[in-house]
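Undergrad: Following this message is one structure expressed as C-alpha cells.
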Amino acid sequence: MDMTLRWFGTGYDSVTLEQIRQIPGVKGVISTLYDSKPGEVWEVEKIRALKKEVEDAGLALMGIESVNIHDAIKAATPERDQYIDNYIQTLINLGEEGIHLVCYNFMPVFDWTRSDLAKERADGSTVLSYDQELIDTIDPGNMMESIDEKANGFILPGWEPDRMAKIKELFQMYQDVNEEVLFENLKYFLERIMPTCEKYDIKMAIHPDDPAWSVFGLSRIMTSKEKLLRLVNMVDSPCNGVTLCTGSLASNPEHDIPDIIRSLKGKIFFAHVRNVIHHEAGKFDEAAHLSSDGSLDMFEIMKALYDIGFDGVIRPDHGRAIWGEVAMPGYGLYDRALGAAYLNGLWESIVKMSKSCIQTEL
Ligand code: CS2
Ligand code: MN
C-alpha cells in the first residue's frame, strides 16, 4: 500500500511538496495538470515538468487525479471521437512518462456536489456538508456562485469556471442522457481507450459519484455496489477498475463499505479513505478520519482492503479545516496529515495482528 496525498500543483495548492514530504509514511502525491481543460491533449513537457518537480522534492508522482472527461464523450455528441482521440493521446503521453494510474469520473455536468463548503462544528473546525433540502432550493444555474462563496478563492476540482459559464448548454446536452445511455457512453469510451491503457499498463480508476444519487435531475451511474460491478464486468480488461472512495459511497447510509470493498477484489486500483456523519436521509457532513468522529468503521474498511490483498495507492480524502488553516475546502494540510497518520496506524496494526495470528496458528 502506498500512502499519498492529493496535490494540485504549485500555484493552485496552499500545501507545499516540502510539507507533504514531512508527513510520516507519505511516499508520493497524486496530482494533475490543473490548468488543463477537459478535452485537451496533455503535453509531454508539462507532464515531465510536473514529475520532475515532485521527484526533486523527494516524492513520487503516483498517479493522476483526474484526467477529466469532456462532456461530448459523456453525452455522446458527434465530436466525441475527436475528444476520445485526444484522451488517448494524453494517456500515451502519460504512459511514456511512466504514469500507471489515472482517476476519472463520469458524472454529467457537476463533479462532487455540496450544499456547504464550511459548515462549522462545535469545536470550531469546519467541514463540507450536504443537505438535499438545501440543494433543492438552488437553481443549478447558480450553483457555481453558491459554491464559489466559500471556496476561499481557490478553483475547486471539477468546477472549472469556463465550463460552468456554459451551464445552460451543458444541461441541454444531457437532456436525453438517461442512466442506460450514460452506461453505453461509458462503455464506448472504455472500449476505445483500453488497448492504449493495456499497452502502457495504465490503470483507469473510476471515481464513484458524490453524492451517490441523481442531483438536479442529471443521471448518475457510479452510485452503488451493483453499478460498480456492472462497470468492471462491462469491459473486460485488467486496466478497467475503480477508485474506492469511502466517503462518496457512504453518502448513502445503506451502503456497506467493507462489503463493497470485498466484492471488488482485484479491481480497486486507488483508495480514497475518509469518514462521514450520517443524519437523516439525504443529509450528511464530512468528518475527521477517525471512526469515533463519524458513522463509518474505519478499522473495518482498512481490514477489508487488507483482506482483499489491496496493494495500490491510497490517500486520505477530504479533511476538516482546522487550526486556522486557509486552504481549498477539504484539501488543507493539517487534517489530511492527521488522516494519513491514522490510516497508516490502522494498517500497521492490521498487518502485525494478521502476522501474529498466522504465527500462533503455526
Ligand atoms: C473529489 C472529486 O472525492 C473526491 O476525491 O474531490 O473531485 C474527485 O477527485 C473526482 O470526482 C475524480 O474524478
Ligand atoms: Mn474521493
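The values are calculated or read from the model by the stated rules, or taken from the named source; none is laboratory data. This one's a predicted model, so the numbers in the text were calculated from it and none came from an experiment. When we count neighbours, we look across all protein chains shown, and the Cβ atoms used for this are built from the backbone with ideal geometry, even at glycine.
Undergrad: Return the residues of region 155-183 that are more than 16 Å from ligand 2 (Cβ to nearest atom), crowded, with 18+ Cβ neighbours inside 10 Å, modelled with pLDDT under 95 and outside any helix (DSSP H, G or I); say none if nothing qualifies.
TA: Glu160, the sole residue that qualifies.
Undergrad: Also: State which residue is nearest to Gly266 (Cα to Cα) when the search covers only region 307-360 and only residues that are of a type in the set (Phe, Trp, Tyr), without any contact (Cβ under 8 Å) to a residue 60 or more places away in the chain and crowded, with 17+ Cβ neighbours inside 10 Å.
TA: Tyr342
Undergrad: Any residue at all in region 122-136 that is part of a helix (DSSP H, G or I), under 23 Å from His207 (Cα atoms), more than 16 Å from ligand 1 (Cβ to nearest atom) and more than 20 Å from the chain's Cα centre (by Cα)?
TA: Yes: region 122-136 contains one or more residues that are part of a helix (DSSP H, G or I), under 23 Å from His207 (Cα atoms), more than 16 Å from ligand 1 (Cβ to nearest atom) and more than 20 Å from the chain's Cα centre (by Cα).
Undergrad: Can you name the number of the only condition in (1) free of Cβ contacts under 8 Å to residues at least 60 places away in the same chain; (2) within 16 Å of ligand 2 (Cβ to nearest atom) that Val102 fails?
TA: Here Val102 clears every test but (1).
Undergrad: Further, regarding this structure: Find the residue count for region 54-91, including only residues that are assigned to a helix (DSSP H, G or I), surrounded by 17 or more Cβ atoms within 10 Å (Cβ to Cβ) and in contact with a helix residue (DSSP H, G or I) (Cβ under 7 Å, 6 or more places away or on another chain).
TA: Here the count works out to 11.
Undergrad: What residue, of Ser31, Ser14, is within 16 Å of ligand 1 (Cβ to nearest atom), out of contact with any Pro (no Cβ under 9 Å at 6 or more places or on another chain) and without any contact (Cβ under 8 Å) to a residue 60 or more places away in the chain?
TA: None of the others qualify; the one that does is Ser31.
Undergrad: Just wondering, is there one or more residues in region 130-137 that are surrounded by 18 or more Cβ atoms within 10 Å (Cβ to Cβ) and either of a type in the set (Val, Ile, Thr) or more than 22 Å from Asp335 (Cα to Cα) (or both)?
TA: yes
Undergrad: Which condition breaks for Gly9 when tested against (1) surrounded by fewer than 22 Cβ atoms within 10 Å (Cβ to Cβ); (2) part of a helix (DSSP H, G or I)?
TA: (2)
Undergrad: Please list, ordered by first then second residue, the pairs with beta carbon atoms under 8 Å, 6 or more apart or interchain, first in region 137-151 and within 13 Å of Lys166 (Cα to Cα) and assigned to a helix (DSSP H, G or I), second modelled with pLDDT under 80 and polar (S, T, N, Q).
TA: none
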